[in-house]
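Engineer: Below you'll find the structure I mean.
Bear in mind these aren't lab numbers, they're just calculated from the coordinates by the rules spelled out. Model, not experiment: these values are computed from the prediction. Because the Cβ atoms are built from the backbone with ideal geometry, glycine has one as well, and the counts that use them run over all protein chains shown.
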Amino acid sequence: MNPSPPPVPPAPAAPTRIAINGYGRIGRCYLRALSESPHRPDYRVVAINEPADLASIAYLTRFDSTHGRFPGHVESASEGLVIDGEPIAVSHATTPEAVDWAAMGIDLVVECSGQYGDRRALQRFLDAGCPRLLLSHPGNSGADVDATVVVGVNHRQLPADARIVSNASCTTNAVVPLLALLEHEFGLEQVLLTTLHSVMNDQPLIDGYHHTDLRRTRSAMQSIIPVSTGLARGVERLLPALAGKVHAKAIRVPTHNVSAIDLVLALCRDTDAASVNRLLREAAEGPFAGLLAWSDEPHASIDFNHDPHSAIIDGGQTRVSGSRLLSLMVWFDNEWGFANRMLDLTRHWRGLWAAAPAPADFRTAHSGA
């Protein structure tokens, strides 16, 4: 197997102009990841669309209970934010059509509200003047987006003229590189994934009537709560060789950030724990460097807060039963790692469209799509 390393495209001639639609956990992490990146001069967030009031937006940019204080200077102005002297226009629209994306000269809208998943809804952004759309969540189906990308696995297949691209999910980014590597090395008969995911904002602090899933009506900070997950579909969409072999469960746990995946894999070939760990360590230090990390220290989840990797393999938890039943423990910062993959994908995509700009009329260029 020859996995692709993180993309390193040429620097653009002029800063790429980015807008963030939906300024919640991932939207704020994306802006912060860009601010902490050595490539920051090549990119500018010039607009944020978020229904919340400006004072709250500025405050939650400056102070974050999970990732600490913002590393730059943030202040509010009459029309938005000013971060390290650069103005960011802030709007409070609740529909894509209410923002004039074209007038702001936007190159890319990063959609972080999570409210749009089908093709018709996503097309509204393009019709409103958005040239390209990067989703912080999967599309409702593979047909709803032009591409679903996990950096390091299939980013090289991204077409230059794509207009709507999904960065998949945080869990998918954590597990797909590992599964691709293990499928190539050993072959996989069956895969069972159990995600232990930190609480999310669709859960209440105390019991309340706010969700049709009755488990999600229960207090997030008092219980371990099983929830539904589309992870198996997402994995099989990216790794079609595993179709019908992947099963997944998800459990929310009362921590604020950093999640884990317990992987149980039935292999096609014999192995042992030492061989698996050697393979994974070499991958993390070689072709998957920057995406995967490996450790055999006695970690707890908090140790990986603000870790930019897609996944960290806990080598001390690797087990092999018999010679073909493998169990792995993988940690991932479900906010920061994912936001950094969105930034990697932004950089890679920018390199493509700089060479082959998107057509003015997407519907004509993709008639029948």
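Engineer: Any idea how many residues of the range 141-196 are free of Cβ contacts under 8 Å to residues at least 60 places away in the same chain, in a helix (DSSP H, G or I) and of a type in the set (S, T, N, Q)?
Structural biologist: Count: 1.
Engineer: When both residues are 6+ apart or on different chains and their Cβ atoms are under 6 Å apart, which pairs have a first residue that lies in the range 84-108 and is without any contact (Cβ under 8 Å) to a residue 60 or more places away in the chain, and a second that is surrounded by fewer than 12 Cβ atoms within 10 Å (Cβ to Cβ) and part of a loop (DSSP other than H, G, I, E, B)?
Structural biologist: D84/H73
Engineer: To continue, here is another question. Which numbered condition in (1) surrounded by fewer than 16 Cβ atoms within 10 Å (Cβ to Cβ); (2) part of a strand (DSSP E or B) is the only one that R124 fails?
Structural biologist: (2)
Engineer: Sort out for me the strands (runs of 3 or more DSSP E) sitting completely within the range 40-117 that have 3 or more residues that are closer than 13 Å to A19 by Cβ. So that I can check it myself, show each step before the final result.
Structural biologist: Values: elements: 43-49, 74-77, 80-83, 86-91, 108-111.
Passing ranges, in order: 43-49, 86-91, 108-111.
Engineer: Looking at the range 285-307, which of its residues are closer than 13 Å to G152 by Cβ, buried (at least 17 other Cβ atoms within 10 Å of the Cβ), of a type outside the set (F, W, Y) and in contact (Cβ under 8 Å) with a residue 24 or more places away in the chain?
Structural biologist: Going residue by residue through the range 285-307, those that are closer than 13 Å to G152 by Cβ are 286-293.
Narrowing the set further to residues that are buried (at least 17 other Cβ atoms within 10 Å of the Cβ) leaves 287-288, 291-293.
Subset that is of a type outside the set (F, W, Y): 287, 291-293.
Passing the criteria: P287, L291, L292.
Engineer: Further question on the same structure: Across the range 76-110, what is the total count of residues that are charged (D, E, K, R) and touching a Cys at 6+ places or on another chain (Cβ under 9 Å)? Write out each step before concluding.
Structural biologist: At the first step, the residues of the range 76-110 found to be charged (D, E, K, R) are 79, 84, 86, 97, 100, 107.
Cutting the leftovers down to touching a Cys at 6+ places or on another chain (Cβ under 9 Å) gives us none.
Of the residues in that region, 0 qualify.
Engineer: Can you name every one of the strands (runs of 3 or more DSSP E) wholly within the range 245-355 that holds 3 or more residues which are within 19 Å of the chain's Cα centre (by Cα)?
Structural biologist: Details: elements: 246-253, 259-267, 292-295, 311-314, 319-321, 325-332.
The qualifying strands (runs of 3 or more DSSP E) are 246-253, 259-267, 311-314, 325-332.
Engineer: For the range 60-89, name all the residues that are surrounded by 13 or more Cβ atoms within 10 Å (Cβ to Cβ) and hydroxyl-bearing (S, T, Y).
Structural biologist: T61, T66, S76
Engineer: Are any residues in the range 94-108 more than 24 Å from the chain's Cα centre (by Cα) and of a type in the set (A, V, I, L, M, F, W, C), and if so, which ones? Break it down stepwise before answering.
Structural biologist: Going through the range 94-108, the residues more than 24 Å from the chain's Cα centre (by Cα) turn out to be 97-100, 102-105.
A98, V99, A102, A103, M104, listed by residue number.
Engineer: Related question: Collect the residues in the range 196-214 that are surrounded by 14 or more Cβ atoms within 10 Å (Cβ to Cβ) and farther than 25 Å from V264 by Cα, keeping them in residue-number order. Even if it seems obvious, please write down each step before you answer.
Structural biologist: Taking the range 196-214 first, the residues surrounded by 14 or more Cβ atoms within 10 Å (Cβ to Cβ) are 196-199, 203-204, 211.
Those that are surrounded by 14 or more Cβ atoms within 10 Å (Cβ to Cβ) and farther than 25 Å from V264 by Cα: Q203, P204, H211.
Engineer: Within the range 220-231, track down each residue that is small (G, A, S), surrounded by fewer than 19 Cβ atoms within 10 Å (Cβ to Cβ) and touching a residue at least 24 places away in the same chain (Cβ under 8 Å). Show your work before the answer.
Structural biologist: Filtering the range 220-231 down to residues small (G, A, S) leaves 220, 223, 228, 230.
Of the ones still in play, those that are also surrounded by fewer than 19 Cβ atoms within 10 Å (Cβ to Cβ) are 223, 228, 230.
Result: S223, G230.
Engineer: Okay, moving on. Name every residue in the range 240-250 that is surrounded by 15 or more Cβ atoms within 10 Å (Cβ to Cβ) and either more than 25 Å from S198 (Cβ to Cβ) or touching a Leu at 6+ places or on another chain (Cβ under 6 Å) (or both), in order of residue number.
Structural biologist: L242, K245, A248
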